[in-house]
Amino acid sequence: MPTIAENVAEVRARIAAAAVRAGRRAEDVLLVAVSKTQPADALREAYAAGLRDFGENYVQELAQKADALADLRELRFHAIGHVQRNKAKFLARLAAAVHSVDSPDLARELGRRLSSSEGARPPRAFGDDPRLPVFVEVNIANEPQKSGVSPEALAPVLESVEREPELRLTGLMCVPPFGDDARSAIPHFEALAELRERHGGATRLPELSMGMTADFEHAIAAGASVVRVGTAIFGARPKRSE
Ligand SMILES: *Cc1c(COP(=O)(O)O)cnc(C)c1O
């Protein structure tokens, strides 16, 4: 089996090639290593291979790993899963970015928790701005049961993030419908890029978080600036034990 370091090198090379094909630079695409269900030691290995940005879906798991890996000073945790309002206080303390804000309620609660939280803040992703970078998650194909705001209801969620002085509206995020063929995600990636254009373009929404192991090269072709890759780096996920 290839090591995590070898996988990281391979994924980086594929990202660079896809960026160049799209007329962009490799540095313009951020790799977020999705480490949900992986043990802390796997993140340590990826950190040693140069990765700094890690994506976690479950707030409690993120908190446990933040504790176990507190010595890795440059590690940044990105919250990428559905966030319940009552977990906002943990993210205010621990997250470098949140990719999955999908309601004005959650934006308000994150803002409130940040303004009342004391002590050191974790390092921020996407530059030195001290505000918490926030992506609004879009349910791009309007799938029932899926989290994310529907494309039609996006405007008030964007505005709710902009109203919070402690949040920085950073971009849009999506998880397209599951398909057997990676190419099935392409129209959804393109739809998210178009949605950005309709809501202020890259000035208001500089980043697009889209693309996973199966389809990140297609996402980059459609304009992704952040890809969230788990399996290609860490291998198949151990099953969650609950
Ligand atoms: C699990 C997950 C990923 C990574 O998936 P892989 O197919 O393992 O690369 C990316 N984004 C989200 C929101 C996820 O839940």
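The values are calculated or read from the model by the stated rules, or taken from the named source; none is laboratory data. It should be emphasised that the depicted structure is a prediction, and the values quoted were computed from it without experimental measurement. Here the Cβ positions follow ideal geometry from the backbone for every residue, glycine too, while neighbour counts run over all protein chains shown. The area values use the complete protein model at the heavy-atom level, side chains included, leaving out ligands, DNA and RNA. Shrake-Rupley method; radii C 1.70, N 1.55, O 1.52, S 1.80 Å.
Can you pull out the residues in the stretch 115-132 that are within 19 Å of the chain's Cα centre (by Cα), away from the ligand (no atom under 16 Å from the Cβ) and either part of a helix (DSSP H, G or I) or under 24 Å from residue 195 (Cβ atoms) (or both)?
Correct list: 126, 127, 129, 131, 132.
I need the full set of residues from the stretch 22-47 which are touching a helix residue (DSSP H, G or I) at 6+ places or on another chain (Cβ under 7 Å), more than 16 Å from the ligand (Cβ to nearest atom) and in a helix (DSSP H, G or I), in order please.
Residues satisfying the conditions are 26, 28, 40, 45.
Check 136, 157 and return the single one that is assigned to a strand (DSSP E or B) and of a type in the set (A, V, I, L, M).
That would be 136, the only listed residue that is assigned to a strand (DSSP E or B) and of a type in the set (A, V, I, L, M).
Please find, among 209, 225, the residue that is closer than 23 Å to residue 54 by Cα and away from the ligand (no atom under 13 Å from the Cβ).
Going through 209, 225 in turn, the sole match is 225.
Out of 125, 141, 155, I need the residue that is under 24 Å from residue 176 (Cβ atoms) and touching a residue at least 60 places away in the same chain (Cβ under 8 Å). Which one?
After ruling out the rest, the residue left standing is 125.
crowded, with 23+ Cβ neighbours inside 10 Å and either within 23 Å of residue 22 (Cβ to Cβ) or among the charged types (D, E, K, R) (or both): which single residue out of 230, 200, 211, 179 fits that description?
211
Just checking, which of 70, 63 is open to solvent by 10 Å² or more (accessible area, probe 1.4 Å), under 27 Å from residue 39 (Cβ atoms), modelled with pLDDT of 95 or more and in a loop (DSSP other than H, G, I, E, B)?
70
So which residues in the stretch 91-106 are assigned to a helix (DSSP H, G or I), within 23 Å of residue 226 (Cα to Cα) and either over 16 Å from the mean Cα position of the chain (by Cα) or without any contact (Cβ under 8 Å) to a residue 24 or more places away in the chain (or both), if there are any at all?
93, 106
Tally up the residues in the stretch 228-242 that are near the ligand (Cβ under 9 Å from one of its atoms), closer than 11 Å to residue 37 by Cα and of a type in the set (Gly, Ala, Ser), please.
Number of matching residues: 2.
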